[in-house]
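Every number in this text was worked out from the coordinates using simple rules, so none of it is lab data. Nothing here was measured: the structure is a model prediction, and the numbers come from that model. Every residue, glycine among them, receives a Cβ derived from its backbone with ideal geometry; neighbour counts consider all protein chains shown.
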Amino acid sequence: MMNNPTLSLFQTAGIAPRLFNIAERVLSNERINATDGIALFEEGNLPFLSLLAETVSQRFSNNHVYFNRNFHIEPTNICVNHCAFCSYRRRKNEAGCWEYSIDDIVEKVGSYKNSGATEVHIVGGVHPDRDVYFYADLLSAIKNTDPTLHIKAFTAVEIDAMCGQAGLTIENGLKLLKESGLGSMPGGGAEIFDEKIRLKICPDKTGSTDWLRIHKVAHELSIPTNATMLYGLIENYGHRIDHLERLRNLQDETNGFNCFIPLKFKHYNNLFSHIKETTTVEDLKNYAVSRIFLDNIPHLKAYWPMMGKQVAQISLTFGVDDLDGTIDDSTKIYSMAGSTEQKPSASTEELINLIKGAGKIPAERDTVYNIINVH
Ligand code: V47
Ligand code: SF4
């Protein structure tokens with residue numbers, strides 16, 4: 001192993017023995033454990049973490065950075081839950097609430113036909129009166145409007161609530177949604193799996209065990225999904241690693257996760273506004289440790305509307321290999337929480353230049369990471 005140039009570099013740089021030992025294992029493709037993960041967070045500096053994360057990233061993406069052409073629709077911000085970090089939720093009839101009808105949404109989808117978009121990403125609040133039959137009708141109507149569009153829709157939290165309202169099991173609800181056009185599920189609602197933290201930040205949301213179970217059922221039905229982690233609230237490094245470990249364990253069983261997306265907490269206009277947002281150094285560290293620890297989830301996404309394009313570009317040397325998509329100004333979850341990009345949209349050319357500027361190969365993909373075009 002010692003003739004590995006990266007290890008020799010670490011030795012010359014005087015890396016502490018504990019970190020050196022972790023590096024040896026990561027470079028020989030050995031799995032690291034939770035204690036190692038916490039040590040990386042606590043003791044790893046940025047150049048060290050960058051080199052290790054890039055080594056792991058190369059195994060999956062071979063210097064490519066992926067993006068897709070998509071648009072977002074948020075059917076409603078009316079929500080029965082009370083997540084303390086949420087800047088977006090409104091009660092029914094409260095000022096600032098919206099609920100689009102199926103016709104409104106179909107009209108919007110129609111306006112993107114022939115735009116080159118390959119995916120629509122749909123997430124919203126947990127509406128008190130909309131059940132899985134309503135959402136199945138919505139998916140069918142979208143498919144009738146644009147049969148080739150991939151529909152990535154509904155967090156496990158929304159799925160849980162809409163199936164419950166209709167008295168259907170998760171399995172039957174997901175089968176119905178799949179038959180109606182559901183192609184994959186986004187990764188939201190995971191937040192932080194630790195039950196004590198969850199009680200403080202999102203007390204009435206679907207619990208961790210159920211979140212993981214719903215993704216497992218989806219994977220068993222061949223519905224690929226993503227996973228997120230909301231960080232920078234009141235959790236510590238142990239909680240973040242516990243979150244990653246629960247995802248890694250499920251992925252060992254099902255291999256159904258495509259991508260992991262860390263979501264940096266944005267503090268504007270919510271009950272946690274007093275908490276300072278994480279620094280860019282912390283964000284880069286979080287990307288790198290996630291990439292190193294999650295040795296079985298193929299892709300790591302920097303959601304640029306939240307991070308801003310500049311930090312997203314730097315993240316491409318900290319294990320990130322996906323920048324999500326060209327998006328219209330339709331995502332309100334982050335703009336209402338004070339995201340860096342207030343009217344997020346990026347042209348394909350802009351994303352390509354950003355990726356090339358980081359020394360990587362831009363690869364336009366479909367939702368499930370088939371390459372459409374290498375630029
Ligand atoms: O679960 C809400 C997060 C998530 C805040 O799968 C916040 O490709 C930060 O699912 N600060 C929903 N985050 C978004 C989501 C998503 C986003 C990007 C890509 C994908 C994907 C999925 O938004 C929620 C919650 O964790 N969120 N409020 C906030 N103040
Ligand atoms: Fe509702 Fe989602 Fe906001 Fe929680 S984060 S209150 S589930 S809209």
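Here are a few things to note about the model shown:
- In order along the range 60-73, the Karplus-derived 3J(HN,Hα) couplings, from 6.51 cos²θ - 1.76 cosθ + 1.60 at θ = phi - 60°, round to 9, 10, 6, 6, 7, 10, 9, 8, 9, 9, 9, 9, 10, 10 Hz, and Gly and Pro are given as x.
- Loop trypsin sites (Lys or Arg not before Pro), the range 276-321, which have at most 16 other Cβ atoms in a 10 Å radius of their Cβ (DSSP): LYS276
- Degrees separating the helix 132-145 axis from the principal Cα axis of the chain, which is the longest one: 90 degrees
- Its relative contact order, with pairs defined as Cα atoms under 8 Å and 6+ residues apart, puts the range 126-235 at 30 percent.
- The label-point distance for ASN45 and ASN114, in a model that sets each label 7 Å from Cα toward Cβ, rounds to 5.7 nm.
- Pairs with C-alpha atoms separated by more than 27 Å, drawn from the list LYS200/LYS264; LYS196/LYS266; LYS196/LYS216; LYS92/LYS216; LYS152/LYS200, are LYS92/LYS216; LYS152/LYS200.
- Distance (nanometres) between label positions extended 7 Å along Cα→Cβ at HIS82 and GLU171: 3.5 nm
- When the GluC sites (Glu not before Pro) in the range 79-156 are filtered for DSSP coil states and for at most 14 other beta-carbon atoms within 10 Å of their beta-carbon, the remaining sites are GLU94.
- Degrees, to the nearest 10: 208-220 long Cα axis against longest axis of the chain: 80 degrees
- Chymotrypsin sites (Phe, Trp or Tyr not before Pro) restricted to the range 94-127 and DSSP loop, no more than 15 other C-beta within 10 Å: TRP98
- Computed from backbone phi with θ = phi - 60° and the Karplus coefficients 6.51, -1.76 and 1.60, the 3J(HN,Hα) list for the range 13-27 is 6, x, 4, 4, x, 4, 6, 4, 4, 5, 4, 4, 6, 4, 5 Hz; x is used for glycine and proline.
- Relative contact order of the chain, pairs being alpha-carbon contacts under 8 Å that are 6 or more residues apart, as %: 22 percent
- Positive end of the dipole of the chain (Cβ unit charges, origin at the Cα centre): among LEU247, GLY183, LEU139, the Cα lying farthest that way belongs to LEU247.
- As a length-normalised measure over Cα pairs under 8 Å and 6 or more apart, the relative contact order of the range 100-188 settles at 36 percent.
- Cα centroid separation, the range 238-280 to the range 138-165 (Å): 24 Å
- Inter-label distance for ASN373 and GLU30, nm, one decimal - labels placed 7 Å from Cα along Cα-to-Cβ: 4.5 nm
- Length gained on full extension, ASP204 to TYR100: 35.0 nm, using 0.36 nm per residue less the C-alpha separation.
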